[in-house]
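*Asks:* Structure provided below as structure tokens; questions to follow.
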Amino acid sequence: MGAQSANALSFGNVIKRRRRQLEQTQAQIAEKVGCRPNYIGYLEVGARHPSPKVVTKLAKALDLDEQEMFLLANPGLRSMVAPQSAPEGSAWERFKANKRMHTRHGITRAELSVLEAVSKIGPMCEQRDFLFILQAIRQGMTHE
């Protein structure tokens, strides 16, 4: 895949193209998402990283698939999703039941809820994959 087609699949490019297809301004989308118009512009050019909450709101505002948008916003996560032949939910079930890990890493109920949504994208290989995803989410939220 060349640089041009990789760029065409970027989170920012997808939201910009879809916004234009819908003939919406950045201000109109920002109002639906609950942010400032310049933030939408920053997302479109890749200058900002959206939180999971913003991804959800953008997907709804632009009538796009939320799971696909989450993966576009976090491209490193796609490689951790195992093929569909893996035992469904096994790593998630082990992770969810591992209370010691939750305590050690300070995982909140809200974070568990987000991770559960991520687990529905496809089965993960290992429990530690959820910790990596959690770190990516936490970093994204601190840069918002």
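*Asks:* Testing ARG19 on (1) closer than 25 Å to GLU111 by Cα; (2) charged (D, E, K, R); (3) touching a residue at least 40 places away in the same chain (Cβ under 8 Å), one condition comes back false. Which one is that?
*Replies:* Of the numbered conditions (1) closer than 25 Å to GLU111 by Cα; (2) charged (D, E, K, R); (3) touching a residue at least 40 places away in the same chain (Cβ under 8 Å), the odd one out for ARG19 is (1).
*Asks:* Shifting gears a bit: Here's a check for you: in region 23-41, which residue that is in a loop (DSSP other than H, G, I, E, B) and among the charged types (D, E, K, R) is surrounded by the most Cβ atoms within 10 Å (Cβ to Cβ)?
*Replies:* Looking at residues that are in a loop (DSSP other than H, G, I, E, B) and among the charged types (D, E, K, R), I get ARG36.
*Asks:* Further question: What pairs come up if the first residue lies in region 93-119 and is closer than 16 Å to LYS53 by Cα, the second is among the hydroxyl-bearing types (Ser, Thr, Tyr), and their beta carbons are under 9 Å apart, counting only those six or more places apart or on different chains?
*Replies:* Note: pairs meeting the criteria are ALA117/THR56.
*Asks:* A further question on this structure: List pairs: first in region 36-55 and modelled with pLDDT under 95, second outside any helix (DSSP H, G or I), Cβ under 6 Å, 6+ apart or cross-chain?
*Replies:* HIS49/HIS143; SER51/GLU144
The values are calculated or read from the model by the stated rules, or taken from the named source; none is laboratory data. Bear in mind the structure is a predicted one, so any value in this text is a computation, not a measurement. All Cβ positions, even for glycine, are placed from backbone atoms using ideal geometry, and neighbour counts span all protein chains on display.
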